[in-house]
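**Q** I'd like to ask you about the structure that follows.
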């Protein structure tokens, strides 16, 4: 086989191999994506329970630059909270959500471990002391 043909085949193979890789945003890029977009609850399951996301369909979540969090319903009612996006010693990312004054939004109050972070969807999980099972949250870009 000619060296130029072999080199061309290697370059072609390398380009296909690289195109299949998902580019994972850095910690700071993830935080910026969280702030730059409004999100809605795509899935919420608390303590291995049923999907509760229907209760949240009319809410928009806005993660503010200074860790403020606002949930606004389609009727204009707003609820306020805080959030923190941190990297744990294990290297995993964590999103802490804390609302007050709303029984519905209190269900989101947890330290959520990031399972998957894409530009338009974030998948989170929470389990640990004080919980009776695995909780899952999916945030979807609006």
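**Q** What is the number of the single condition among (1) in contact (Cβ under 8 Å) with a residue 60 or more places away in the chain; (2) surrounded by 15 or more Cβ atoms within 10 Å (Cβ to Cβ); (3) farther than 14 Å from residue 124 by Cβ that residue 62 does not meet?
**A** (1)
**Q** Related question: For the range 100-142, give me each residue that is part of a loop (DSSP other than H, G, I, E, B), touching a residue at least 40 places away in the same chain (Cβ under 8 Å) and over 21 Å from residue 37 (Cβ atoms).
**A** 107, 131, 132, 133, 134
**Q** Considering only residues that are exposed (fewer than 15 other Cβ atoms within 10 Å of the Cβ) and more than 14 Å from residue 119 (Cα to Cα), which ones fall in the range 23-51?
**A** 47, 48, 49, 50, 51, listed by residue number.
Coordinate-derived values only; no laboratory data. Note that the structure is a prediction, hence the values are computed from the model and not measured. In this analysis, Cβ positions are derived from the backbone assuming ideal geometry, glycine residues included, and neighbour counts consider all displayed protein chains.
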